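This report concerns only the one structure given below.
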Amino acid sequence: MDIDLVVKGGTVVTAADVTRCDVGISGGRIVALADGLTGKTQVDATGLLVLPGGIDAHCHLAQQVEPGVEMADGFESGTRSAACGGTTTVISFAAQQRGATLREAVEEYHRKADDSALIDYGFHMIITDPTPAVLHEELPRLVSEGYTSFKIYMTYEDLKLDDRQIIECLAAARATGARTMIHAENSDCISWLTEVLEAAGQTAPRYHASSRPPLVEREATHRAISLAELIDVSVLIVHVSGAEAIEQIRWGQARGLDIHAETCPQYLFLTADDLDRDGFEGAKYVCSPPPRDAANQEAVWTALRTGVLDVFSSDHAPFRFNDPAGKMANGVDADFADIPNGIPGLETRMALLFSAGVMTGRISLSQFVALTSTTPAEIYGLRPRKGSIAIGGDADIGLWDPEAKWTVSNDLLHHAVDYTPYEGQQLQGRCVTTFSRGVAVWDDGKVLGAPGHGQFLRRSTTGNMIPTGGTR
Ligand code: URP
Ligand code: ZN
Ligand code: ZN
């Protein structure tokens, strides 16, 4: 067989197996897995792990938030940064403006992404205005074109849906096979708590955590799962922060409901104490739900290990710190409620989990692959093209050096944000080379990828409307 490129002598890891073999790549696809392969070009992977490229299924790029505030990363810097951390696919968001159509949103985000992305990408839609026309005319068409998932919010004034609207969205998801992602926090609890805190003059960044305690997330998570049971449809709860929400998810799963759930690095590596750093520094850690405490971090580790949480994403929402269009949009004394929500994490997502998860023995190598690549591929309709190292699949591969010791520093990262929340974290394990469809986009500390290499991914539906025999 005439093979373009052979990755030789590495340890190939999938969600099921850890095997020593060579990987043969032609035309951007994996064409052979065997010993002793030869190709026109060869890469020596001795001592390295050969992992499926990461799939970051929750990241915000070039997303419009509010007037005067800008995300630091668009599709070029965001996907560059992702690639340097071993990620080869991002699923970002196309956010519907109220009063506008989903189609307009999708077209707008294509304009932002199509000539810019260095790696492959898809879009989840964000539904903020679920009119009958949106749900019954637009959504089915867009799902058939490969936009097979959407996110809905239970909080944020300009995004949130009420229960009746959520029910309508879930019914539309069931009818179309679309995957629903839910941001589960109780909006009324947050607004009441915020008013109480503000009336008491408690407006520093640390009160962001007080305004969104675990109960707020727990209640909304329970409600989201109950509404999904009513419609008998699968849902995915995004950015789960700790024990109380996990308890609800475990409850739903034990009931036989098809509930998936995601967590993110901020819930393993940060705590509410980070929001209490000197001066306005705490603003760097403002994200929702907020980071909790050490006991909640342990609960998240346990849920990752036991499969209650099955997807690990970054929720990269990049705002520069020292910038009037970023975290300081409302000044350096801004009320916590006026600090743009979100933190960066595309490039550090995999290395953080690898180091603190795999290298400590908390999760296995195959669990790492499942959480960061295979399961998101499955849930979001990218299989069999993405998410594994298998013949016929795209040659999206990260070569990882499990011995590499390094310290996270913003200087080493490739996003356009002026800080990383993980500054100073000492890690073991690093992606040294990233291939996107067989093309090296990151190698030995150098970015080799070019804007426009990334292709839009039409995704399939994943059978989430199969009735479980629930209450509907
Ligand atoms: O604070 C966060 N998570 N910002 C990003 C938007 C979202 O809700 O995921
Ligand atoms: Zn969210
Ligand atoms: Zn998000």
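The values are calculated or read from the model by the stated rules, or taken from the named source; none is laboratory data. A quick note: this is a predicted structure, and the numbers were derived from the prediction, not measured. Positions of Cβ are backbone-derived with ideal geometry, glycine not excepted, and every protein chain shown enters the neighbour counts. Surface accessibility is based on the protein's heavy atoms, side chains included, excluding ligands, DNA and RNA. Shrake-Rupley method; radii C 1.70, N 1.55, O 1.52, S 1.80 Å.
Determine, from the Cβ-Cβ distance of Thr131 and Leu215 and an R0 of 35 Å, the FRET efficiency 1/(1 + (r/R0)^6), rounded to the nearest 0.05. Using R0 = 35 Å, I get an efficiency of 0.60. So what does the Cα-only Debye profile of segment 1-157 read at q = 0.11, 0.12, 0.21 Å⁻¹, as log10 I(q)/I(0), no solvent term? Summing over Cα pairs of segment 1-157 leads to -0.60, -0.67, -1.26. Calculated mean residue ellipticity at 222 nm for the chain: -7500 deg cm²/dmol, from DSSP H runs with n ≥ 4 weighted as -39500 (n - 2.57), summed, divided by the residue count and rounded to 500. Where both bridge residues fall in the chain, DSSP classifies roughly 45% of the beta bridges as antiparallel.
Sorted by packing (mean other beta-carbon atoms within 10 Å per residue), highest first, where do 332-339, 403-410 land?
Values: 332-339: 17.2, 403-410: 13.8.
Put in order of decreasing packing, that is 332-339, 403-410.
In whole angstrom, note down how far apart the Cα centers of segment 212-283 and segment 303-332 are. What the calculation gives is 15 Å, centre to centre.
If you take the beta carbon distance between Ala32 and Asn322 as r and set R0 to 45 Å, what does 1/(1 + (r/R0)^6) give as a FRET efficiency, to the nearest 0.05? Walk me through the numbers before you get to the answer.
Values: r = 50 Å, r/R0 = 1.11.
The computed FRET efficiency comes out at 0.35.
Site pair Met1 and Thr41 shows an inter-label distance of 1.9 nm when each label is modelled 7 Å from Cα along Cα→Cβ.
May I ask you to compute the full-extension gain from Asp158 to Val18, defined as 0.36 nm times their residue separation minus their alpha-carbon distance, rounded to one decimal in nm? Present the calculation step by step, with values, prior to reporting the outcome.
Working: separation 140, 0.36 × 140 = 50.40 nm, distance 4.62 nm.
Residue separation times 0.36 nm, minus the Cα-Cα distance, leaves 45.8 nm.
Between Gln253, Ala220, Tyr156, whose Cα lies farthest towards the positive end of the dipole of segment 55-370 when Lys and Arg beta carbons carry +1 and Asp and Glu beta carbons carry -1, centred on the Cα centre? It is Gln253. Here the spin labels are modelled as points 7 Å beyond Cα on the Cα-Cβ line, and at Asp188 and Arg277 they lie 3.7 nm apart. Each residue of segment 293-300 was assigned a 3J(HN,Hα) from its phi angle through the Karplus curve 6.51 cos²θ - 1.76 cosθ + 1.60 (θ = phi - 60°); the sequence is 9, 4, 5, 5, 4, 4, 4, 5 Hz, with glycine and proline shown as x.
Ranked highest first by the average count of other Cβ atoms within 10 Å around their residues, in what order do 96-109, 28-41, 244-257, 283-296 fall? All intermediate terms of the calculation are to be shown ahead of the outcome.
Numbers: 96-109: 16.8, 28-41: 15.2, 244-257: 19.1, 283-296: 21.9.
Highest-to-lowest ranking by the protection proxy: 283-296, 244-257, 96-109, 28-41.
What does the C-alpha gyration tensor say about the overall shape of segment 110-196? Classify as rounded when a/c is under 1.5, otherwise prolate if a/b is larger than b/c, or oblate. Verdict is oblate for segment 110-196. Ranking Tyr109, Gln97, His124 by how far each Cα lies toward the positive end of the dipole of segment 67-202 (charges on Cβ) leaves His124 at the top.
In the structure shown, do any of Lys112/Lys405; Lys112/Lys386; Lys40/Lys446; Lys284/Lys446; Lys8/Lys405; Lys151/Lys386 have a Cα-Cα gap over 25 Å, and if so which? Spell out each step's value before the answer.
Details: Lys112/Lys405 36 Å; Lys112/Lys386 23 Å; Lys40/Lys446 23 Å; Lys284/Lys446 28 Å; Lys8/Lys405 23 Å; Lys151/Lys386 21 Å.
Correct reply: Lys112/Lys405; Lys284/Lys446.
Taken about its Cα centre, segment 151-210 carries a charge dipole of roughly 380 debye when the Cβ of each Lys and Arg holds +1 and the Cβ of each Asp and Glu holds -1. Label sites at Thr407 and Arg458, each approximated as a point 7 angstrom past Cα along Cα to Cβ, lie 5.0 nm apart. Applying 0.36 nm per residue to the separation of Gln64 and Arg305 and subtracting their alpha-carbon distance, the gain on full extension is 83.2 nm. In terms of packing, defined here as the mean over residues of other Cβ atoms within 10 angstrom, the peptides 318-326, 227-235, 366-374 line up highest first as 366-374, 227-235, 318-326.
Within the accessible surface of the chain, defined with a 1.4 Å probe on protein heavy atoms only, the carbon and sulfur portion equals 48 percent.
Using Cβ point charges alone (K and R +1, D and E -1), the dipole size of segment 128-243 about the Cα centre works out to roughly 380 debye. Annotation: per residue accessible area for the chain equals 36 Å², rounded to a whole number [probe 1.4 Å, protein chains only]. Using the Cβ-Cβ distance between Val447 and Ala199 with R0 set to 51 Å, the FRET efficiency from 1/(1 + (r/R0)^6) comes to roughly 0.55. For the chain, a crude dipole built from +1 on the beta carbon of Lys and Arg and -1 on the beta carbon of Asp and Glu, taken about the Cα centre, is about 1340 debye to the nearest 20. State the answer as a single residue: which of Ile55, Tyr207, Leu275 lies farthest towards the positive end of the charge dipole of segment 55-370, with beta carbon charges of +1 for Lys and Arg and -1 for Asp and Glu, about the Cα centre. It is Ile55, whose Cα lies furthest towards the positive end.
One equal scatterer on each Cα of the chain, no solvent, Debye formula: the resulting log10 I(q)/I(0) at q = 0.07, 0.08, 0.10, 0.12 Å⁻¹ is -0.33, -0.43, -0.69, -1.01.
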